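The values are calculated or read from the model by the stated rules, or taken from the named source; none is laboratory data. None of the values given here were measured: they were computed from a predicted structure. Cβ placement follows ideal geometry from the backbone for every residue including glycine, while neighbour counts extend to all protein chains displayed. Accessible surface areas use protein heavy atoms only, side chains included; no ligands, DNA or RNA. Shrake-Rupley method; radii C 1.70, N 1.55, O 1.52, S 1.80 Å.
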Amino acid sequence: MGRAVLFGKRVRSVKRILIVEDEPLIAFDSEHWLGGKGYEVVATVDSLAAAREIIAAEPLDLILTDIGLSGEGTGLDVARAAGEQGVAVLFVTGQFPEANEHLGIGCLTKPYSDASLLGAIAAIERKLSGRRVRKLPAGLRLFETAV
């Protein structure tokens, strides 16, 4: 019979992430940083059309999306597509349109630090698992209604 580990590392509930960002430097930095911290960045795309393809084809735990994207559509449209698949969305943007809080789990305001991004994902993991979120990183707002 195996032993239970009482004080071991908590298993991550957010592992597979899609980044939807039209600013190449931010997209690259986020992908590189999160990959180095053990997250699997499934893809980094800059448009609604590309995001829809990934959402339909890949199992995802979280989508990080800006509001403004390349081509037609916005991050709000990405969130609608994600919602149809039951995937949580964290908006990463400078200005979030308040009437759309129902589309995501939260918003991390740009500019943000790498530590704030990691803290935001940790807070989302706690919220998704039904645990209390004690402290939010700088720039993060969690919404009441979410996936």
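For segment 99-147, what are the residues that are closer than 21 Å to LYS15 by Cβ and basic (Lys, Arg)?
Of everything in segment 99-147, those that are closer than 21 Å to LYS15 by Cβ and basic (Lys, Arg) turn out to be ARG126, LYS127, ARG131.
A quick yes/no check of all residues on (1) touching a helix residue (DSSP H, G or I) at 6+ places or on another chain (Cβ under 8 Å); (2) more than 21 Å from TRP33 (Cα to Cα); (3) modelled with pLDDT of 95 or more:
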{"position": "GLY71", "(1), (2), (3)": "yes, yes, no"}
{"position": "ASP77", "(1), (2), (3)": "yes, yes, yes"}
{"position": "ALA82", "(1), (2), (3)": "yes, yes, yes"}
{"position": "PHE91", "(1), (2), (3)": "yes, no, yes"}
{"position": "GLN95", "(1), (2), (3)": "no, yes, no"}
{"position": "ASN100", "(1), (2), (3)": "yes, yes, no"}
{"position": "LEU103", "(1), (2), (3)": "yes, yes, yes"}
{"position": "THR109", "(1), (2), (3)": "no, no, yes"}
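Please find, among PHE143, PHE91, PHE96, the residue that is surrounded by 16 or more Cβ atoms within 10 Å (Cβ to Cβ), of a type outside the set (D, E, K, R), on the phi < 0 side of the Ramachandran plot and touching a His at 6+ places or on another chain (Cβ under 9 Å).
PHE143
Going by the structure shown, is VAL45 open to solvent by less than 40 Å² (accessible area, probe 1.4 Å), over 13 Å from the mean Cα position of the chain (by Cα) and modelled with pLDDT of 95 or more?
The answer is yes for VAL45.
Listed residues TYR39, TYR112; which is closer than 22 Å to LEU142 by Cα, open to solvent by 40 Å² or more (accessible area, probe 1.4 Å) and not small (Gly, Ala, Ser)?
Exactly one residue qualifies, and that residue is TYR112.
I'd like the residue in segment 115-131 that is open to solvent by 10 Å² or more (accessible area, probe 1.4 Å), in contact (Cβ under 8 Å) with a residue 24 or more places away in the chain and small (Gly, Ala, Ser) and, out of all such residues, is farthest from LEU69 (Cα to Cα).
SER129
Taking the options ARG141, ARG131, name whichever one is under 23 Å from LYS37 (Cβ atoms) and in a loop (DSSP other than H, G, I, E, B).
Unique residue meeting the criteria: ARG131.
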